[in-house]
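Please treat every number below as a calculation from the coordinates, not as lab data. Computed from a prediction, not measured in an experiment: that's the story for all the values here. Virtual Cβ from ideal backbone geometry, glycine too; neighbours counted across all protein chains shown.
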Amino acid sequence: MHSLTIDVHGLDCPSEVKIIRAALRPHVADEQVRFDLINAHVLIEMRTSGPSAETLVNAINRAGLRAQVCTGHGAEKTNTDSPGSRLEAVLFASSGLLLVAAFVAQLVQEQFALLAPLHFFSGTNSSLAVKAMLSIAALLGASLALPKAWAAVKNLRADMHVLMGIAVAGALLLGESVEAAMVAFLFAVSLRLEQWSVARARDSVTALLQLSPPEALVV
């Protein structure tokens, strides 16, 4: 018997734990699976006659999450520098920049009138270009929640990612591009703050473990 460590991108809350357990249950028993939410790892006790690592990774991927076998050494390997994380940072920054650009464009369009911010946030006098920027900003911001929303839908769960997607889609269909962009960007901010807090917790735990001596004398 040996241990298999799988990186699961975005594994940081009990809702993903339930999804992964359900995906792995046809292949391994629940008692063989442990979770390290700090490092976004799934730890599986593999048996000789059990499924392959590729089978388990594919099972998690089919559930709507992104998984790969951990190639690092131990639980210190994380996926914060993965291409997926860098793409999320680009999407987040692009959404915010487009939102600011739309705001500035509306101010210029209104020739810096005193009530221009009110007109902007009412969404009634936005030009086609401004609405296009707002719509793209909304789509980019909402795309950050799309993987978890899709995983929840596939497992018949209506979590906050699904509800946010419905809210953004509804606002866009109603022509309220400002509201859609604001909701999507603020939700993206909350996701980035969550990732930051998890990273801080991981670093704190790692620093605490490094304080322990390699050897201890028991008297």
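Which one, (1) 57; (2) 40; (3) 51, gives percent of Cα pairs over 23 Å apart as derived from the coordinates shown? Given (1) 57; (2) 40; (3) 51, the calculated one carries the label (1).
Of the DSSP H helices in the chain, those that are both long (alpha-carbon extent of 18 Å or more along the helix axis) and hydrophobic (Kyte-Doolittle mean at least 1.6) are 128-143, 160-173. Put simply, the amide H of Cys70, placed in the peptide plane, has neighbours under 5 Å in Thr5, Ile6, Asp7, leaving out anything fewer than 5 places away on its chain. Rounded to whole Å, give me the distance from the Cα center of the stretch 32-48 to that of the stretch 130-160. Rounded to whole Å, the Cα centres lie 28 Å apart.
In this structure, the amide hydrogen of Phe35, modeled 1.01 Å from its nitrogen in the peptide plane, lies closer than 5 angstrom to those of Leu43, counting only residues at least 5 positions away or on a different chain.
Sorting Met160, Met182 by the number of Cβ atoms found within 10 Å of their own Cβ, with the fewest placed first, yields Met160, Met182.
Which ordering of Leu24, Leu144 is given by a fewest-first count of other beta-carbon atoms within 10 Å? Don't jump to the answer; show the numbers that get you there.
Details: Leu24 22, Leu144 25.
Fewest-to-most ranking of Leu24, Leu144: Leu24, Leu144.
Descending by average beta-carbon neighbour count within 10 Å, the peptides 184-191, 197-204, 127-134 line up as 184-191, 127-134, 197-204, the highest first. Take the Cβ atoms of Ser204 and Leu97, set R0 to 30 Å, and the FRET efficiency comes out at 0.40. Backbone amide hydrogens, once placed in the peptide plane, bring His27 within less than 5 Å of nothing, excluding anything fewer than 5 places away on its chain. In terms of overall dimensions, the stretch 2-76 has a Cα radius of gyration and Dmax of 11.0, 31 angstrom.
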